[in-house]
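Have a look at the structure below, then the notes.
Every read-out reported here was derived from the displayed coordinates using simple, explicitly stated rules and does not represent laboratory data. All values derive from a computational prediction rather than experimental measurement. Ideal geometry is used to build each Cβ from the backbone, glycine not excepted, and the neighbour counts take in all protein chains shown.
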């Protein structure tokens with residue numbers, strides 16, 4: 001006699017749940033949220049730099065980006081009179097990094113350009129600042145490092161691969177992104 005079997009047994013359910021648990025425990029360590037957050041932050045920074053460099057050319061006035069390391073953001077100043085001072089009538093906006101990201105190298109080795117978290121010598125209101133000029137150039141060559149909060153707080157060499165860097169050329173304001181993976185820097189953005 002053939003029985004009509006609808007549904008699943010408790011044994012089959014337990015087996016499926018066990019298999020899901022085993023696969024999840026194997027795959028979970030390979031999925032690192034910090035990596036995706038750092039990639040997102042470096043893309044945000046690179047796109048902000050590129051967009052503001054193009055804005056300076058299009059609007060024909062300087063745009064100053066001041067890096068607020070304490071707040072984890074970039075203040076964009078549309079400098080209509082090109083005097084590097086925020087005057088009345090000149091707009092500013094704040095671009096914030098992801099909460100998991102911070103300016104700095106953490107435990108990541110330095111790139112050849114500089115080991116400073118932000119290599120800018122120019123300032124605006126006491127913050128390191130980069131100016132994009134209306135001819136498309138930047139005020140100086142620079143490197144800006146980003147790392148995860150866990151690395152910035154003293155994670156040691158354990159989180160060296162959380163490091164990202166952006167280099168800006170002076171003459172063309174070209175932006176290059178770098179990612180530290182498996183002990184070496186590679187260009188990726």
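Per DSSP H run of at least 4 residues, take -39500 (n - 2.57); add these up for the chain, divide by its residues and hand me the 222 nm value, nearest 500 deg cm²/dmol.
Mean residue ellipticity, 222 nm, calculated: -8500 deg cm²/dmol.
Binning at 5 angstrom from zero up to the longest distance, how are the C-alpha pair distances of the chain distributed in percent?
Over the chain, the share of Cα pairs per 5 Å bin runs 1, 8, 14, 17, 15, 11, 8, 5, 4, 3, 3, 3, 3, 2, 1, 1, 1, 0, 0 percent.
How would you classify the range 93-140 from its alpha-carbon gyration tensor, with a ≥ b ≥ c the square roots of the eigenvalues: rounded for a/c under 1.5, else prolate if a/b is greater than b/c, otherwise oblate?
Judged from the Cα gyration tensor, the range 93-140 comes out oblate (a/c at least 1.5, b/c at or above a/b).
Of the residues 64, 95, 23, which exhibits the maximal mean-square fluctuation in a Gaussian network model of the chain defined by a 10 Å Cα contact cut-off?
Looking only at 64, 95, 23, the biggest GNM fluctuation is shown by 23.
Taking the simple approach of a point 7 Å from Cα along Cα-to-Cβ for both residue 93 and residue 36, what is their distance in nm?
2.6 nm
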